[in-house]
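Heads up, the thing below is written out as structure tokens.
Throughout, read-outs are computed from the coordinates displayed, never taken from laboratory work. In this text, all values refer to a predicted model and were calculated from it rather than measured experimentally. We place every Cβ from the backbone using ideal geometry, glycine too, and count neighbours over all the protein chains shown.
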Amino acid sequence: MLNRPPRRARRTAAVLAPALAAAALLTTAGCSGVLGGAAEGAAASASPVAARTAPPSPSVTVAHTLTEAQAKSALVGPADLGEGWTPTEGAATWRDALLKGTSDVPTCQRLLDGLYAENLLGEPAGARAVTGFDDAEDQAQVRHRTGAYDRAALDASLAWLRTVPETCGQFTATDVRGGQFTVRTEAAPLPAGLGEAREGLRVVVNSDGSNLPAVLTLDFAAVRVGDSALSLTNGGLGEIDADDTRRAAEAGTRRLRDVLAGRTPQARPSEPAGSAEPPAPSASPGAGEDEQNEQDEAYGEIEEDQGNQEAQEEQGNE
């Protein structure tokens, strides 16, 4: 009884109810457009997560990340180099004999270490793959590497390579046996438009060892495509054909572009069994007894190879 409203108030509410209902009917149509627009705006702004995860517009460039499978697929094959090249059987002996050494100039030491360890571009930040090929007739070897890198570090390495012919045009290094060898470097330009950035070097090593005057010629090429890059060396004790280096760089760049674009590179001719990824040289040349023994063995094998080659030339002259 205490909660019952006064009789007059109840009667007033009963009279007002029909009027309010009619007013509501009259305003529904006019308000529906406004309410509908407000609801749509609220729905559009109610999900900031959806806005953040919307796909980029077609004008936005999305960087492709190189995978392990793509890195391997981007490697060149023997047919890309020309005749006479076969899958490698291991690191060339001249690497230990003519690339292990020390220099008093830090940037020149970096060059020697990078050539020996095959990391002149630095270590990849992601996927990587490497392969190698031998030309027994010319005692030459090509090593090809692809990888995903940190972009800033990669550009810095390419910029440094550009300065090497000036800072290390010619210098003397000491091998682990105490002998000295002279190193000369010069720029070896790659075709314009190859990749997005490129650098090339030719390195010539003259060793004045006690019994072995040896000359190593080594071409180095690097090409950047996005955040990925390829690097390759083509070196040997005989004449090195710069065209082999250029062909390998061009073929490697095409293949790298293809895999990064989601295309399948041109199939390589079948390779013999056992042509799997070759082991990379040690990243730390060092200067201990083991390294000296390895260098002595390498010099011995080079002497033997050169002796065999001279004997073949004499037989040919006869």
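Decide, for segment 128-200, between rounded, prolate and oblate: order the square roots of the alpha carbon gyration tensor eigenvalues as a ≥ b ≥ c, take rounded if a/c falls under 1.5, and otherwise choose prolate if a/b is larger than b/c, else oblate.
Verdict is oblate for segment 128-200.
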>> Can you tell me, using C-alpha contacts under 8 Å and at least 6 residues apart, the relative contact order of segment 110-188 as a whole percent?
In response: 21
> Got a sec to turn the phi values of segment 98-115 into Karplus ³J(HN,Hα) couplings, 6.51 cos²θ - 1.76 cosθ + 1.60 with θ = phi - 60°, whole Hz, x for Gly and Pro?
Replying inline: 10, 10, 7, x, 10, 10, 6, 9, x, 5, 6, 5, 4, 5, 4, 4, x, 5
>> Need one word for segment 78-219: rounded, prolate or oblate. Basis is the Cα gyration tensor (sqrt eigenvalues a ≥ b ≥ c); a/c below 1.5 gives rounded, then a/b vs b/c decides.
In response: oblate
> For the residue pair Gln170 and Glu186, what label-to-label distance in nm results when each label sits 7 Å from Cα along the Cα-to-beta-carbon direction?
Replying inline: 1.2
> Does segment 58-131 classify as rounded, prolate or oblate by the C-alpha gyration tensor (a ≥ b ≥ c root eigenvalues; a/c under 1.5 gives rounded; else a/b over b/c gives prolate, otherwise oblate)?
Replying inline: oblate
